[in-house]
Amino acid sequence: MLQARRCIYGLFMKGYTPEGFKGQVYHVHVRYSGDWDELYFRDYLISHPDVADEYGKLKLELKNRFEFDRDAYTDAKTDFIKKATRLAKEEMQNKYKTQNKD
C-alpha cells in the first residue's frame, strides 16, 4: 500500500494501489494559510500554454516510467513545478497576498 510521506500540508489520496489506479482517484489538499504555490502554478500554466503543453508531455512520459510508483512520479515532476511556480511568483508578485484588516 502507498506510504504517506511527511509533509507540511495534508493530502488525502484514494484510489492508488501497488498495482496502479483502482476505481476513482481523488486528491484532497489542505494547506496552511498563505501557501498559494498551487494557485500560482495553475495560473502560470493557464497564461503560458506552451509551458502547460510541456508539463502535459512530461506527465505522460512520467506516467509511463512510474505507473506503479506514485512517489517517484511525484518526485520527478518537482523540479518542473518549482521552476514554473518561481517564475509565476516573479511575474504575478503578490496576486494572492492577503490583506490585514485592522
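Computed from the coordinates by the stated procedures, all read-outs in this text should not be read as laboratory data. Please read all numbers here as calculations on a predicted model, not as lab measurements. Neighbour counts run over all protein chains shown; Cβ positions are idealised from the backbone, glycine included.
Out of the trypsin sites (Lys or Arg not before Pro) in region 40-102, which ones are loop residues according to DSSP with at most 10 other C-beta atoms within 10 Å?
Counting only loop positions with at most 10 other Cβ atoms within 10 Å, the trypsin sites (Lys or Arg not before Pro) in region 40-102 are 97, 101.
Give me the dipole magnitude in Debye, nearest 20, for region 32-102 about the Cα centre, with unit charges on the beta carbon: positive for Lys and Arg, negative for Asp and Glu.
100
Anything over 23 Å Cα to Cα? Flag those among 63/83; 57/82; 77/97; 63/95, in the order listed.
With Cα atoms farther than 23 Å apart: 77/97; 63/95.
For residue 90 and residue 58, compute 0.36 nm times the residue count separating them, minus their Cα-Cα distance, and round to one decimal in nm.
Between residue 90 and residue 58, full extension yields an extra 9.2 nm.
Kindly write out, for region 29-43 in residue order, the coupling ³J(HN,Hα) from the Karplus curve 6.51 cos²θ - 1.76 cosθ + 1.60 (θ = phi - 60°), rounded to whole Hz, with x marking Gly and Pro.
Karplus values, whole Hz, x for Gly and Pro: 9, 10, 10, 5, 4, x, 8, 10, 4, 5, 5, 4, 4, 4, 5.
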